[in-house]
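Novice: The structure follows.
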Amino acid sequence: MSKGSVVVLGGGVIGLCTAYYLNLKGFVVTILDKGDFSSGTSFGNAGMIVPSHFVPLAQPGMITKGIKWMFDAQSPFYVKPRLSKNLLDWGWKFYRHATYKHVANTVNILKRLNLESKILYTELAAQLDDVEIKSKGLIMYCKTQSAFDEEIALANRALAIGLKAEVLDVKQLKKLDPTMSIDVEGGVYFPEDAFFSPSGFLEKLVMHLKDIGVRLISNVQEAEFIVDKNLKQINSSKGLFSADQFVICAGAWTRELTHSLGLKISMQPGKGYSFTLESPVEMPSICSILTEAKVAVTPMPEGLRFAGTMEIGDMTFSVNHQRVQGIKKSIPNYFPNFQVDDFSKTAIWTGLRPCSPDGLPYIGRTKKLPNVLVATGHGMMGMSLGPITGKLIAEIAANQSPGIEISKLAVERFH
């Protein structure tokens, strides 16, 4: 028996996973997406599941690093300067949360969310054809001793909260992944992390959703909300859509959409780039992050993917070629058998991550409109947290207690 109807806005990993778990709960589900379910931020990312990322973006030292990076055209972090009330408000909230106290209050929930999501990924992959979640861990490669020292401190913190972490010297790193030639001081291995091909996973998930009766509507433009105490309908270029409940999972566009509903969600786009080398000179067996450069490296069936940069505040898909060049130039510093020219003909993918000022996602029901739920603001962990977010939203929609305490993720926590 149906528990009612739900319209999901957004066809990225969060929206698709939300639709999957809503369907499992017995809801009749329709997904509306401005694209065609084959592109967007979810499809070109690094494809990592990262329990190791238990420290939020808003953390001590990030402000100082950010100011320093602002003056480096090829740095991994940049805030596009502009006179914007929303950006200034976001920046002030970020500043207030970049504290040791905030980190201490959030590490356990980020750890729990990522670990639970990894379990759900394994279960979900078993329902799909030819989808493999590779639970081989993640290596943090450190070029300098100072970065290595910071990663050692992070490893110790990981151990203190119950995660697994191993500090490795160069010899041990080469033994862990003998496929790669490396030039580093050392590294940290997080064995509980995993990786996969995002596009492969999402393509199969879209097919599965169609098979189980989820309705997918693509190329939806000009969504207008019709409100009478609750949200009643969405009037769009593809027609009028009514439902008992609505879930907004529109990524970086969520703030704009929810604003028209009278909701104030503090969020900024965080632009990132990736490119995939189809025939690399070396193919690692384990995913990694080049620590100082903030570059993610993931082996996939389609090639070796490199992803990086965080440009806060730019809502366009334009490519900043200097920052892309910064990614390319950093790779041979860690992997000496690669050359910058290896990447001269690779296509550049651009994605906009939805970034909250405290580094935590927004997951839950809104107080202003009780039949509207929101799932966004995951920053760099959108892919990692897709399944757990979908499961939590489905539980909330069914008026069940969520399996994880999520009061820190409240949608209107900054009101």
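Novice: Could you check region 73-124 and list, in sequence order, the residues that are out of contact with any Lys or Arg (no Cβ under 9 Å at 6 or more places or on another chain) and part of a loop (DSSP other than H, G, I, E, B)?
Specialist: PRO81, ARG82, LEU83, SER84, ALA98, THR99 - these are the residues of region 73-124 that are out of contact with any Lys or Arg (no Cβ under 9 Å at 6 or more places or on another chain) and part of a loop (DSSP other than H, G, I, E, B).
Matching residues to (1) buried (at least 20 other Cβ atoms within 10 Å of the Cβ); (2) free of Cβ contacts under 8 Å to residues at least 12 places away in the same chain:
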residue	(1), (2)
GLU302	no, no
ARG305	yes, no
GLU311	yes, no
LYS329	no, no
PRO332	no, yes
TRP349	no, no
MET380	yes, no
ALA397	yes, no
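Novice: Of these, THR376, THR366, which one is at pLDDT 95 or above, under 21 Å from GLU116 (Cα atoms) and either touching a helix residue (DSSP H, G or I) at 6+ places or on another chain (Cβ under 9 Å) or surrounded by fewer than 20 Cβ atoms within 10 Å (Cβ to Cβ) (or both)?
Specialist: Result: THR376 is the single residue among THR376, THR366 that is at pLDDT 95 or above, under 21 Å from GLU116 (Cα atoms) and either touching a helix residue (DSSP H, G or I) at 6+ places or on another chain (Cβ under 9 Å) or surrounded by fewer than 20 Cβ atoms within 10 Å (Cβ to Cβ) (or both).
Novice: If I ask for residues that are under 22 Å from the mean Cα position of the chain (by Cα) and either among the polar types (S, T, N, Q) or assigned to a loop (DSSP other than H, G, I, E, B) (or both), which ones from region 325-365 would you list?
Specialist: ALA347, ILE348, THR350, SER356, PRO357, ASP358, GLY359, LEU360, PRO361
Novice: Does LEU373 qualify as being in contact (Cβ under 8 Å) with a residue 24 or more places away in the chain and in a strand (DSSP E or B)?
Specialist: yes
Novice: Being in a loop (DSSP other than H, G, I, E, B), surrounded by fewer than 21 Cβ atoms within 10 Å (Cβ to Cβ) and modelled with pLDDT of 95 or more narrows it down to one of SER318, SER285, so name that one.
Specialist: SER285
Novice: Another one. From (1) on the phi < 0 side of the Ramachandran plot; (2) surrounded by 20 or more Cβ atoms within 10 Å (Cβ to Cβ); (3) touching a strand residue (DSSP E or B) at 6+ places or on another chain (Cβ under 8 Å), pick out the condition that doesn't hold for SER266.
Specialist: Unmet for SER266, out of (1) on the phi < 0 side of the Ramachandran plot; (2) surrounded by 20 or more Cβ atoms within 10 Å (Cβ to Cβ); (3) touching a strand residue (DSSP E or B) at 6+ places or on another chain (Cβ under 8 Å): (3).
Novice: Quick one: which residue in ILE49, ILE14 is under 13 Å from SER384 (Cα atoms), touching a Phe, Trp or Tyr at 6+ places or on another chain (Cβ under 7 Å) and in contact (Cβ under 8 Å) with a residue 60 or more places away in the chain? Break it down stepwise before answering.
Specialist: Working: ILE14 fails: touching a Phe, Trp or Tyr at 6+ places or on another chain (Cβ under 7 Å).
It is ILE49.
Novice: Please work out which one of (1) farther than 23 Å from GLU292 by Cα; (2) in contact (Cβ under 8 Å) with a residue 60 or more places away in the chain; (3) over 22 Å from the mean Cα position of the chain (by Cα) is the condition PHE201 fails and give its number.
Specialist: Here PHE201 clears every test but (3).
Novice: Can you tell me which residue within region 1-50, out of those that are in contact with a strand residue (DSSP E or B) (Cβ under 6 Å, 6 or more places away or on another chain) and among the hydroxyl-bearing types (Ser, Thr, Tyr), is surrounded by the fewest Cβ atoms within 10 Å (Cβ to Cβ)?
Specialist: SER2
Novice: Let me ask something additional. Restricting to region 186-202, what's the tally of residues that are surrounded by fewer than 19 Cβ atoms within 10 Å (Cβ to Cβ) and either modelled with pLDDT of 95 or more or aliphatic (A, V, I, L, M) (or both)?
Specialist: Qualifying residue count for the region: 1.
Novice: I'm checking my understanding of the structure. Among residues of region 161-176 that are of a type in the set (A, V, I, L, M, F, W, C) and under 25 Å from the mean Cα position of the chain (by Cα), which one is nearest to TYR141 (Cα to Cα)?
Specialist: Within region 161-176, the match that is nearest to TYR141 (Cα to Cα) is ALA165.
Novice: Next up: Would you please list the contacts, defined by Cβ atoms under 9 Å and residues six or more apart or on different chains, that run from a residue in region 157-172 that is in a helix (DSSP H, G or I) to a residue that is surrounded by fewer than 15 Cβ atoms within 10 Å (Cβ to Cβ)?
Specialist: Listed by first residue and then by second, the contacts come to VAL170/ASP183.
The values are calculated or read from the model by the stated rules, or taken from the named source; none is laboratory data. Not measured: the values here are computed from a predicted model. Note: ideal-geometry Cβ built from the backbone for every residue, glycine included; neighbour counts use all protein chains shown.
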